[in-house]
Amino acid sequence: MIEGTLPRHVAIIMDGNGRWAKKHTLQVALGHRKGVEALRAIIRESSDLKIEALSIYAFSTENWNREKQEVEALMALLLEYFTSEIDELDQENVCIRILGDKDGLPPPQREALYKAEERTGKNTGLKLNIAINYGGRAELARAARELAQMALRGEISPDEIDEKKMAQMLYTHDLPDVDLLIRTSGEMRLSNFLLYQCAYAEFVFPTVLWPDFDINAYHAALSAFTSRDRRFGGRNK
Ligand code: FPP
């Protein structure tokens, strides 16, 4: 039982799969596979707790720089995930949205992602945002480009461009800002994830490696959030 008001939007950087694999003398791909198992439980718990949105970082624009074998393993895992889990996610009323450049992915993955969004788009339960081929700076550049094009077409005046207009051009345009950001494995960085949306997020950095992040660890992070004093730059009375 968690006391207090839960976050509306939770973002998670699922870090530590590689170290988990090393610790268990397994190949890194098996660490990622174990990471998917951990994710399954966290998605279900988020649904049960009626959290509005959960955003997870599955593959960044920088992850292409990893060894070919690891990139291929991650791509295969993504495809497998979207093939094998989609029925259950749909049944659980989860609405999937991909954050990132789907068109920069190999055709089978790209198609699976478009299909998952289409199939679950009208679901009214947990909004599950999966960041794939995503970078926060690229997302902001894309928003700026879109606004510049609108201005060129005469649809808006440059003077009208404000924080709200920027937010409307992001993948998360209709969602609340991130309230809680969790990064596992003890690393304390944002790594280009949801830069705009995390402006006033509370950060929690559990030391546990992602494959070991279970419901108890999730509850601990949520409890840490509910005990924070959020002031948004103002002053509480
Ligand atoms: C970071 O751990 C994790 C990733 C780069 C990928 C996260 C992906 C998954 C959990 C599985 C795929 C997701 C879906 C939705 C199917 P790391 O490898 O950087 O860990 P390390 O820092 O210990 O090496």
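Observations
- Note on segment 42-83 and segment 109-150: Cα centroid distance 14 Å, given to the nearest whole angstrom.
- Listed values for segment 171-186 are Karplus-derived 3J(HN,Hα) couplings in whole Hz (6.51 cos²θ - 1.76 cosθ + 1.60, θ = phi - 60°), namely 4, 9, 3, 9, 10, x, 4, 5, 8, 10, 10, 10, 10, 7, 6, x, and x replaces Gly and Pro.
- FRET efficiency estimate (nearest 0.05) - Cβ-Cβ, Glu3 to Arg145, R0 45 angstrom: 0.55
- Shape of segment 91-194, Cα gyration tensor, a/c cut at 1.5: prolate
- Footprinting exposure proxy for Trp210, Trp64 (fewest neighbouring C-beta atoms within 10 Å first): Trp64, Trp210
- Order of Thr120, Thr5, Thr184 under a 10 Å beta carbon neighbour criterion, fewest first: Thr5, Thr120, Thr184
- Under-5 Å amide H pairs with Asn129, H placed in peptide plane, nonlocal only: Leu54, Ser55, Ile56, Arg97
- You can think of it this way: the chain between Gln69 and Lys122 has 15.5 nm of extra reach, that is 0.36 nm per residue less the Cα-Cα gap.
- Charge dipole magnitude, Cβ of K and R +1, D and E -1 - the chain, Cα centre, debye nearest 20: 500 debye
- Calculated P(r) tail over 27 Å for segment 1-148, as whole % of Cα pairs: 24 percent
- Segment 133-237: proportion of alpha-carbon pairs further apart than 23 angstrom, %: 44 percent
- Length gained when the stretch Lys164-Glu62 is fully extended (0.36 nm per residue, less Cα-Cα span): 33.9 nm
- FRET efficiency estimate (nearest 0.05) - Cβ-Cβ, Glu45 to Arg228, R0 22 angstrom: 0.65
- The modelled label-to-label distance for the pair Asp87/Ala220, using points 7 Å beyond Cα in the direction of Cβ, is 3.6 nm.
- Distance histogram for segment 73-119 (every C-alpha pair counted, 10 angstrom bins, percent rounded to whole numbers): 27, 59, 14
- When peptides 12-19, 154-161, 33-40 are ranked by their average number of other Cβ atoms within 10 Å per residue, the highest-first order is 12-19, 33-40, 154-161.
Each value in this text was obtained by applying a stated rule to the coordinates, not by laboratory testing. These numbers come from a predicted model, not from an experiment. In this analysis, Cβ positions are derived from the backbone assuming ideal geometry, glycine residues included, and neighbour counts consider all displayed protein chains.
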